[in-house]
Structures are given as C-alpha cells and as structure tokens.
1. Where in the chain lies the longest segment free of trypsin sites (Lys or Arg not before Pro) that are both loop residues by DSSP (not H, G, I, E, B) and have at most 15 other Cβ atoms within 10 Å?
2. Once label points are set 7 Å from the Cα along Cα→Cβ at both VAL322 and VAL140, what is their separation, rounded to one decimal in nm?
3. Name the residue farthest towards the positive end of the dipole of the chain from the options ALA77, VAL462, LEU307, assuming +1 on Cβ of Lys and Arg, -1 on Cβ of Asp and Glu, about the Cα centre.
4. What is the angle, in °, between the Cα long axis of helix 244-256 and the longest principal axis of the Cα atoms in the chain? Nearest 10 is fine, range 0 to 90.
5. Could you point to the residue in PRO402, GLY230, SER270 farthest towards the positive end of the chain's charge dipole, with +1 and -1 charges on the Cβ of Lys/Arg and Asp/Glu respectively?
6. Using a simple charge model, +1 on the beta-carbon of Lys and Arg, -1 on the beta-carbon of Asp and Glu, nothing else, what dipole does the chain show about its Cα centre, in debye to the nearest 20?
7. Could you pull out the GluC sites (Glu not before Pro) across the stretch 387-433 that fall in loop regions by DSSP (anything but H, G, I, E, B) with no more than 10 other Cβ atoms inside 10 Å?
8. Place a label point 7 angstrom from the Cα of THR116 along the Cα-to-Cβ direction, then list the residues of the stretch 1-26 whose backbone nitrogen is under 16 Å away.
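What follows is calculated from the coordinates using simple rules that are stated; it is not laboratory data. If you're wondering where the values come from, they're calculated on a predicted model, not measured in any experiment. Cβ placement follows ideal geometry from the backbone for every residue including glycine, while neighbour counts extend to all protein chains displayed.
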Amino acid sequence: MRTRDDWQRLARAIEPRHQVFIDGSFADAADGASFDTVNPANGLVLASVARGGAVDVDRAVAAARRAFASGAWSRSAPAHRKAVLLRLADLIRSNADELALLDTLDGGKLIGDTSTVDVPGSAAILQWYAEAVDKQYGEVAPTAPGDLAIITREPLGVVGAVVPWNYPLEMAIWKLAPALAAGNSVVLKPAEESPLSALRLAELAVEAGLPDGVLNVVPGLGEEAGQALGRHPDVDAIAFTGSTAVGKLFLRYAGESNMKQVWIEAGGKSANLVFADAADLDHVADKAVFGIFGCSGQVCSANSRLLVEESIADDLLERIRVRAADLRVGDPLDPASTMGPIITAKQLERVLGYIEAGRAESGLAFGGRRLHEASGGYYVEPTAFRDVPTTAVIEREEVFGPLLAVSTFREESEAVARANASEYGLAASVFTDSLSRARRVASALRAGTVSVNTVDALDVTVPFGGVGQSGFGRDLSLHALDKFTALKTTWFAGPAAG
Ligand code: NAD
C-alpha cells in the first residue's frame with residue numbers, strides 16, 4: 001500500500017493542465033485572465049488557471065456546434081461511440097493515479113477515496129453508458145394499418161455541463177457520460193475550486209478518439225463563464241449540479257435567453273430516521289458517521305439530520321461520538337487520514353458560523369473546533385448538536401460540512417412529518433427491523449432516494465436526484481439519457497387509397 005511519501009512524490013511529478021480546452025487544443029483565456037486554485041490541505045496556490053469568460057464560452061459553443069453539425073460524433077454509429085467511450089474509460093483507469101491526485105490536491109478529497117471510489121467509479125460509469133448506447137431501441141407507434149410512425153431519440157445538440165467541486169471528476173462524468181453517449185457535443189464548466197481533473201479528462205477524451213470540439217472545457221468563475229454558458233443562445237440544454245440558489249439562476253438565464261432545457265440537481269438536508277426496533281445500533285452508528293462525516297460532510301445527500309427514537313437516543317449518540325472521535329482528520333494525501341479539509345477558507349468560515357449558530361440554539365454533543373490551523377489547511381472537527389429545535393438554522397439550512405443535527409421523536413408520524421418539513425427533498429434514510437414500517441415510512445418520505453438500513457444508496461443502475469428545492473433532474477441510470485435526447489416522431493403516410 002502506498003504511503004503519504006509515495007503520493008507526495010507522485011504529486012510532485014504532475015504538471016496540471018491549466019488552460020481552456022476548445023476544439024481539441026489548450027489555449028489561454030481570450031483576455032489572458034487567470035485565477036488561482038488553492039490546495040485546501042495547506043491553503044497554498046496549486047495552479048494558476050485560465051479564467052474563461054464570455055468570449056471563451058462563445059468559442060467553445062461554436063466549436064461544439066460545428067462538431068455536432070459535422071455528424072462525426074452526433075451521427076456516428078452507436079457502436080462507434082461505444083468504442084471511443086470504452087477507450088476513454090480505459091484511459092481514466094490507466095491514468096488513475098494522476099486523476100486521483102488532481103482531485104485530492106485541488107479538492108482536498110482523501111486520496112483513499114479518490115483512488116478507490118471517485119476515479120474507478122468514474123471509469124465504471126462511463127463504461128456503463130458506453131455499453132448501453134448500442135442497446136437502445138426506438139419505438140413503432142400503434143397507428144392504423146398502412147401508416148407507419150416511428151419514435152426515435154435524437155441528441156439535443158450542444159449541452160452545457162456546470163458542476164460543483166465536491167466530486168470534481170465524478171460529477172463531470174455523471175453529465176458527460178450520458179450526454180456524449182447520446183451523441184451530443186458538450187461544453188463543461190468545472191467549479192472554480194477544482195478545475196484540474198476536468199482539463200486532464202478532456203485531453204484523454206481526444207486521445208480516446210473523440211473528435212475535436214465534441215468535448216470542450218472552460219474553467220472560470222460561476223458568474224462569468226457559468227453565466228455566459230447559461231445565457232448562450234446556441235446552447236440547447238444545461239445540466240447543472242450545485243446549490244439551489246445557483247440552480248434558480250440557471251432557470252432564469254434560460255428564461256431570459258433561448259429557453260434552453262435546464263436540468264437542476266441541487267442541495268439537500270437529508271434526514272436519517274432511526275427507530276428503536278433497529279437492533280444493530282453499531283451498524284446504525286457506522287452508517288450515520290459515514291453519512292455525515294464522509295467527504296467532510298460536503299455531500300449533497302449528506303445525512304445531516306439524525307432523527308432518533310427517544311428511548312435509544314443516548315445510546316446511539318454515544319456510539320456515534322466514539323466513532324467520530326476515532327476519525328483521523330488530516331492531510332488528504334495521507335492514506336491514514338479518514339477525514340480531510342473543507343474546500344475553501346470561505347466555506348470554512350461558513351461552517352464555523354453554523355457551529356456558532358448551533359451553540360446558540362442547541363446543545364453541543366461533540367466537536368465544534370477548527371483543527372490544524374498551523375498547517376494553513378481548512379480542517380474542522382466532526383461536530384454534532386443534540387436537542388435541535390425544528391426552527392434552528394442548522395435544522396433547516398444546508399451546511400455542507402461535518403455538522404450533524406440530532407433530535408428525538410416518540411411517534412413514527414412525528415418523525416416522518418419532521419423529516420418532510422424541509423424545502424429540500426434529495427435523500428432520506430430509515431433504520432428499522434420492521435419490514436412493514438420500512439415500507440410505510442419510505443413511501444411517506446418526500447425524497448428522490450430513500451435508503452433503508454443504509455445511507456446514501458447510490459449506483460449507476462438507479463436514478464439520483466431530488467424533489468422540491470433539491471431540483472428535478474436525474475443523474476445515473478438509463479433515465480439520465482432522457483435529459484440529453486429529444487423524442488422525435490417520424491410519420492410515414494400509408495399509400496393513398498385506390
Ligand atoms: P455552486 O452552486 O456554488 O456552484 C456550482 C457550479 O455553478 C460551479 O461550477 C460554479 O462555478 C457555478 N456557478 C456559481 N455561481 C454561478 C452563477 N452566478 N452563474 C452561473 N454559474 C454559477 O455549488 P458548489 O458550492 O460548487 O457545490 C455545492 C452545492 O452543490 C451544494 O448545494 C450541494 O448540495 C450541491 N450538490 C448537489 C448534488 C446533486 O446531485 N444533487 C451533487 C453534488 C453537489
């Protein structure tokens with residue numbers, strides 16, 4: 001197994017790509033502007049990256065449109081697209097160390113996660129869509145005899161993909177894999193906090209045989225490159241993952257420009273309901289800890305609200321406290337670390353602000369302090385508050401950090417009502433040994449995914465997305481192809497009578 005020294009040595013050998021990638025080539029931003037991307041583990045500048053703006057987005061969209069119109073990708077045989085995307089999946093695997101390191105250095109994600117989950121998971125998702133694309137059939141409508149109507153799925157054209165920083169490579173792949181498999185061209189705007197793996201991915205895509213212009217990557221700031229993409233008159237669809245507030249902006253951009261399709265996958269405040277009939281509290285505690293402290297709580301579906309039946313609350317909370325105390329918060333390049341830093345200094349301040357709000361409104365159960373300040377990194381203790389009132393800020397707002405809000409209930413109906421009393425509806429979890437309760441509660445919960453006796457159930461085979469202000473788009477599964485295709489009816493009139 002690799003040590004921290006091994007990873008540091010590998011990291012020193014990386015030369016991050018840092019320019020915009022348009023029509024198969026890297027270039028500086030049109031106005032020469034750049035921005036710094038910072039390593040959250042030490043607060044030091046990692047790379048100076050081209051700050052794409054409206055002119056760069058325009059060039060990227062034009063390249064994407066040309067590539068789409070040429071048909072080299074959009075009208076190629078599904079078996080051809082499959083072969084190219086399978087090659088890209090293989091290239092992700094053969095460049096796994098570099099991609100894992102880029103997401104660890106740029107996004108502060110544990111190397112133990114990026115090397116075993118994010119990168120192999122991205123390759124597997126790409127492979128899944130590649131293998132699916134030549135197994136999709138159209139339909140023949142039940143018309144009157146003589147007529148023939150066929151229903152086919154056509155690629156949309158130019159798709160803008162705008163993604164967050166918490167899973168930089170994987171979030172990009174969630175969009176790119178189905179969009180490209182369906183034959184679209186894509187302009188990807190990675191998050192300004194973590195643009196590096198997407199730039200390397202674009203280069204690998206060309207190496208795999210993707211025609212120039214089919215995948216373009218424009219790093220830059222949200223209000224500049226992101227907005228330019230959202231308002232561009234020649235973009236057919238936006239696939240967005242990020243905060244609810246920015247998701248709403250994309251809906252506005254579309255309404256104020258060309259009414260492009262907009263798919264929103266946004267934030268969450270997922271509830272984890274634990275009933276006293278769940279016999280294995282060690283299992284519940286393991287999952288609850290993973291559910292809120294995994295990825296430092298920076299997960300859209302993080303189980304940030306724990307609703308536990310009163311009679312087992314003290315017992316469960318103690319088991320969670322013990323496990324949280326065992327987490328090794330530290331350098332994400334060290335394979336021994338089990339929790340890394342928060343993404344930016346600004347987000348650290350935000351999380352610390354929520355901790356202060358929690359102290360004012362609830363009881364601190366454990367944690368609550370900043371850690372390793374001398375390192376320059378943005379580390380926070382795993383933190384939990386108990387007896388959190390329904391009105392508390394930490395009960396209602398998405399913190400996007402390692403902060404658990406714990407409350408108790410006596411009745412099942414009380415737990416369900418509290419879980420559903422959120423503007424979000426991304427995910428929920430239920431722990432119970434009663435099958436009938438599991439089915440009843442799962443069906444009553446307002447969420448895109450309900451995990452029973454686990455947390456954060458997620459797989460490429462099932463759709464992922466939310467309801468309410470968590471958005472409405474669905475990533476993963478064959479359903480994701482719906483976002484990137486339009487149904488087309490072609491009607492062949494029957495021969496004239498006589
Ligand atoms: P964010 O909304 O700030 O940014 C997401 C993307 O939007 C980035 O690429 C950013 O540059 C861009 N952007 C920001 N401001 C913009 C603007 N004014 N116009 C156009 N584009 C703009 O989100 P974030 O902080 O990067 O990520 C955290 C959020 O993402 C959380 O709310 C989290 O719940 C959500 N998220 C959701 C899912 C999901 O699948 N539902 C997955 C991961 C993260």
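1. Details: sites that count: ARG2, ARG75, LYS135, ARG328, ARG369, ARG410.
So the longest stretch without any such site is 136-327.
2. Distance between label points: 6.5 nm.
3. ALA77
4. Orientation of helix 244-256: about 30 degrees from the principal axis.
5. Highest projection toward the positive end goes to GLY230.
6. Details: 47 positive and 63 negative charges, 177 e Å.
Using only the charged Cβ atoms, the result is roughly 860 debye.
7. For GluC sites (Glu not before Pro) across the stretch 387-433 that sit outside H, G, I, E and B with at most 10 neighbouring Cβ atoms in 10 Å, the list reads GLU411.
8. Within reach of a label on THR116: 1-4, 7.
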